[in-house]
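Undergrad: Below are the structure tokens for one structure; questions will follow.
The values are calculated or read from the model by the stated rules, or taken from the named source; none is laboratory data. Just so we're clear, the structure is a prediction, and the values are computed from it rather than from any experiment. Ideal geometry is used to build each Cβ from the backbone, glycine not excepted, and the neighbour counts take in all protein chains shown.
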Amino acid sequence: MRPRVPPTPEPSPSTPSADTAPGAQAGAPKDTADRWAHRRGEPRLLTLCWSIYLLIAAIITVFSVQFIGLNQPNMFQNSTRALMVMTAAGLTILWPMVRLSQAPALRPVRGAFSDFFALMLPAQAIVWPTMLLTSWSWEVTGGVSLLLFSWAALLGAMIAIGAARQPSWRRSIWMAMCLVVVGGVAVSQLIGAILKITPTPTVWLASPFTAIYALTDAPSGLAPTMTGQEWLASIAPLALATPLWALAAIFAPRRLPANE
């Protein structure tokens, strides 16, 4: 006669099983990834990449003149203008392209504001020493510095508004708007040059790329000076950026939901 085996008691709902016990699957990968993992080190990572970009831009513009042996004043002025244009391109094209092509920051407005100052400090460190290489006065260098600051503030406000947009195609629209704002006038001037249409001097001040040449240009043998119109053109983007930053602070979400 077989011995009777007592039935195994079923675990109560309060008793954790082997599959659900704490630490049973500690080494198993999580089902949901952290969508902000690439932003944990910001803006330190952006500052590092920006500093490397400025270093490369200085090497291929200002430093290359000395390496080639063309130690002429006008060559240093032209290479310095090229350096300022590359700096403006980084602030007004590369920065929006990076931020609007990736998942937005957890706090979009605060992230754009932090990016702005993280980019401007190295940029200003590039602008002011150019006085030692060129015949630019404090006034002209300050005008170029204000020009870059104003345009970066304007693009930063557009990033703050556009980065929080869902779905991603809306951020693509904001990126296209950034390109039109900063490059529309420059492209129109290029087309006008091909068609042999001479633009008015005021048009040159409507884009950061051509405005740099307008602010630092002067007749041969004379040092450039800032006019009232040039000062107005340098600060105009900042005047447009101020209400945009206010709109971003009011209407843009201060913190994006974790599941979006």
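Undergrad: Out of ALA112, ALA88, which single residue is among the small types (Gly, Ala, Ser), at pLDDT 95 or above, buried (at least 19 other Cβ atoms within 10 Å of the Cβ) and assigned to a helix (DSSP H, G or I)?
TA: Result of the check over ALA112, ALA88: ALA88.
Undergrad: Evaluate the following for TRP169: is it over 15 Å from PRO96 (Cα atoms) and either without any contact (Cβ under 8 Å) to a residue 40 or more places away in the chain or surrounded by 15 or more Cβ atoms within 10 Å (Cβ to Cβ) (or both)?
TA: So TRP169 fails the test.
Undergrad: What number goes with the only condition from (1) of a type in the set (A, V, I, L, M, F, W, C); (2) surrounded by 20 or more Cβ atoms within 10 Å (Cβ to Cβ); (3) modelled with pLDDT under 90 that ALA153 does not pass?
TA: Condition not satisfied by ALA153: (3).
Undergrad: Could you please let me know if THR202 is under 23 Å from ALA223 (Cα atoms), surrounded by fewer than 16 Cβ atoms within 10 Å (Cβ to Cβ) and not aliphatic (A, V, I, L, M)?
TA: Answer is yes for this residue.
Undergrad: Go through the stretch 141-150 residue by residue and tally those that are closer than 10 Å to ALA88 by Cα and either surrounded by fewer than 24 Cβ atoms within 10 Å (Cβ to Cβ) or among the polar types (S, T, N, Q) (or both).
TA: Number satisfying all stated conditions: 1.
Undergrad: Something else: Hey, any hits in the stretch 127-135 for a residue that's under 13 Å from the mean Cα position of the chain (by Cα) and in contact (Cβ under 8 Å) with a residue 40 or more places away in the chain?
TA: The answer is no, given that none of the residues of the stretch 127-135 is under 13 Å from the mean Cα position of the chain (by Cα) and in contact (Cβ under 8 Å) with a residue 40 or more places away in the chain.
Undergrad: Next question, about the same structure. Filter the stretch 27-64 down to residues that are touching a helix residue (DSSP H, G or I) at 6+ places or on another chain (Cβ under 8 Å) and at pLDDT below 75, then give me how many there are.
TA: Residues that pass the stated criteria total 2.
Undergrad: Let me ask another. What do you reckon, is LEU100 crowded, with 20+ Cβ neighbours inside 10 Å and either under 19 Å from ILE52 (Cα atoms) or among the polar types (S, T, N, Q) (or both)?
TA: no
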